[in-house]
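Heads up, the thing below is written out as structure tokens.
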Amino acid sequence: MAAPALPLAPGENRTDLGDYVVYCLGENRPLAEMILEYEASEFGSSVPVSEEEFTPYSDLWSALAVKNISKPDGRLADQWIVNFDAFAVRDADIILVRQSGDVDRLLSFSSAKPYDPTILSGTQLKSKPLILRPGETATLMVRTSKLMAAAPSLAIRDEADLVEHELRTAALNTAFYTLAIFGLIVMLGVNISLKSSVGTRYALLFSLLLAALSFDDNIPLRFLYPNHPEWNPYIGFLISYACIMFGFYVAGYSMVTRKGSHPWSRHIQWLALLPIVTLVMIPFVPRITSYKIQLAWTGIMCLTHFLPLYWWEKSSNRRLFEMWIGLIVIFIAFLIYATLMFNGYLENQIVLRNFAKTTFIIIGTLVMLGLTYGIISLRREHDRALEEKIRILKEDAEKSQRLLEAEKKYSRARDQAALRQRQLATASHDIKQPLTSLRMSLDGEATNLGDTTKKNIREALDYLESLSGDYLVESRPVFDDPAIKEQQKTEEPYPLSMIFRTVGQMFREEAISKGLQLRIVDSNIETSIPPLALMRIVSNLASNAIKYTDKGKILIGARRRGAGFVIIVLDTGPGMSEAEIVQFQSAYKKGDNSKGEGLGLAICLELAEQHELKLDINAKPEQGTCIRVIADANQN
């Protein structure tokens with residue numbers, strides 16, 4: 001069958017050559033014989049063999065007549081470039097046969113030769129310039145040895161346009177891989193910082209998928225091993241199968257949560273070993289078959305990721321719509337890709353590559369949106385938990401305040417009772433001496449009194465002495481009383497670290513919410529000071545330090561001082577002047593910007609005095625505050 005000549009004009013690009021190209025199989029047949037068959041119209045308008053009957057890497061000849069339709073006006077010859085996709089091409093030749101019988105070899109390609117950027121630009125093979133004089137007609141003979149029975153996607157371009165096309169393709173590829181790598185770095189970094197092992201594994205899975213896509217653009221061949229092109233198909237298959245196997249593992253691993261694991265989790269992880277069987281079979285099956293098996297494994301792997309999503313929803317009791325949308329998009333994209341491949345688009349790798357990259361960008365965008373949503377949700381949950389802790393701490397503080405007020409009232413009542421008891425004992429003691437003197441005086445005058453009068457006077461004096469004696473007995477401390485014994489009993493020694501850890505648990509979240517660093521140094525020093533009193537002192541000092549410090553840190557610790565010890569509370573707050581230090585030691589005295597009651601430091605001083613401790617305050621304006629609680633040897 002003879003096809004019409006393809007008209008070429010200077011500067012013109014022709015990318016749809018289907019009506020001008022004819023085909024013929026010619027395994028190991030010389031060029032001269034194929035030219036004779038072409039001239040005898042024995043070439044056909046389609047590939048003369050089906051995919052099932054085709055022997056991989058058989059020689060397929062494509063031929064077309066080309067004519068420079070510019071008028072012969074003495075101008076120089078015009079030039080074009082012939083190019084087509086190099087996917088699955090083992091060998092290729094492009095030969096221009098002129099009517100004079102001269103032959104120009106425009107391209108000689110072998111996948112076994114080192115990478116040559118002059119004939120392989122990315123994934124496109126390109127010829128030397130096709131030169132035709134105005135009005136000249138010639139025949140292009142193209143021999144390709146390919147994996148499948150597919151004609152090469154021939155195109156004839158103006159040289160300047162081809163350069164522009166290559167630059168545009170390179171720019172798009174650079175933008176795609178830069179965006180993808182940046183997104184994966186962000187995804188990996190965020191998940192590592194959040195300590196999300198599932199998210200980290202998904203980031204690694206997408207990294208493997210991006211590596212597999214890079215083989216379609218010959219990136220590893222160009223930059224890693226340009227002198228060993230024979231490695232490319234095998235490394236590509238290994239990366240693809242690594243992606244499939246790791247995908248099975250991630251799907252199984254993701255079905256393990258804090259609330260338990262899905263019964264199928266372990267089985268899905270074991271599925272990762274099955275593709276190894278296919279990988280071992282690669283040398284023994286046609287490559288097109290192994291390619292389709294690989295695609296089938298990819299589909300099965302995508303399906304397994306629906307199970308962890310269902311398990312996450314069941315474990316968290318909430319719908320994960322954004323993740324369902326992303327997974328459904330991935331699976332639909334896979335179905336479209338498989339449909340394109342099995343319906344004759346496998347040879348048109350430009351379509352498949354662009355579709356795969358577009359899908360990767362969509363999936364990556366959905367994953368990043370899901371990740372952002374997850375971070376926002378996590379932040380909200382953290383804020384709610386922080387608010388709940390602050391509420392509990394406020395309630396504890398209010399309870400402590402009420403307890404403090406009750407304790408102070410009790411102390412005042414006890415002091416008043418003790419004072420009245422001492423006054424009563426003193427009065428009773430003082431009355432005894434006058435009563436004795438009065439009895440002696442009455443005994444001296446008794447001779448002038450009658451018996452009845454003397455008897456009445458003695459009974460009255462006996463009653464007064466008995467009454468004063470009872471008051472003295474009642475005012476005497478009862479040392480056998482259990483409550484008094486408990487008060488007088490010496491406290492068991494305990495470590496200061498117990499106090500420090502409790503204070504840290506009370507105030508750490510409040511410090512973090514203000515952006516402060518609360519550092520508490522553990523101590524093995526032991527003391528017998530009543531723990532409640534020491535806890536109240538340290539917690540009041542820590543509360544004041546956090547309350548009035550806007551930036552920096554607070555340090556709480558202790559060190560030995562001779563046979564005693566010193567507790568130190570140090571902050572980087574606004575500090576105090578000497579006048580303010582004196583002022584704040586009094587109850588209800590506070591600064592102009594204070595929202596408290598002005599009791600904290602006064603309470604600390606009172607408690608310290610009650611337990612024979614010393615409070616030393618060292619502060620200067622804008623230089624922070626250091627408060628030391630000093631205990632002597634008998635408190636250690």
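Placing pseudo-labels 7 Å out from each Cα toward the beta carbon at Val285 and Glu42 gives an inter-label distance of 3.7 nm.
The Cα center of region 80-111 and the Cα center of region 116-160 differ in position by 6 Å. Accessible surface of Lys553, taken over heavy atoms with a 1.4 Å probe and every protein chain present, rounds to 110 Å².
Overall, region 95-135 carries a charge dipole of about 40 debye about its Cα centre when +1 sits on the Cβ of Lys and Arg and -1 on the Cβ of Asp and Glu, all other atoms neutral.
Largest to smallest in accessible area, the residues Phe246, Phe565, Phe284 fall in the order Phe284, Phe246, Phe565 (1.4 Å probe, all protein chains included). Label sites at Thr178 and Ala418, each approximated as a point 7 angstrom past Cα along Cα to Cβ, lie 8.1 nm apart. Put simply, when 222-230, 127-135, 158-166 are sorted by average Cβ atoms within 10 angstrom per residue, most first, you get 127-135, 158-166, 222-230.
Taking 7 Å steps out from each Cα toward its Cβ at Asp383 and Ala406 produces label points 3.7 nm apart.
Applying 1/(1 + (r/R0)^6) with r as the Cβ-Cβ distance of Ala171 and Ala563 and R0 = 51 angstrom yields a FRET efficiency of 0.05. In this structure, Ile512 and Asp616 have a Cβ-Cβ separation that, at R0 = 25 Å, corresponds to a calculated FRET efficiency of about 0.30. For region 1-133, the gyration tensor built on C-alpha atoms gives an oblate shape. Its axis ratio a/c (a ≥ b ≥ c) is at least 1.5, and a/b is not larger than b/c. With all protein chains in place and ligands, DNA and RNA left out, the 1.4 Å accessible area ranks Val66, Val198 as Val198, Val66, largest first.
Rolled with a 1.4 Å probe across the full set of protein chains, the surface gives Thr527 an accessible area near 0 Å².
Ordered from largest to smallest accessible area (heavy atoms of protein chains, 1.4 Å probe), the residues His305, His267, His382 come out as His267, His382, His305.
The values are calculated or read from the model by the stated rules, or taken from the named source; none is laboratory data. This is a predicted model, so every value here is computed, not measured. Cβ coordinates were reconstructed from backbone atoms using ideal geometry, including for glycine residues, and neighbour counts include every protein chain displayed. The protein model used for the area step is the full one, side chains on, heavy atoms only, and it has no ligands, DNA or RNA in it. Shrake-Rupley method; radii C 1.70, N 1.55, O 1.52, S 1.80 Å.
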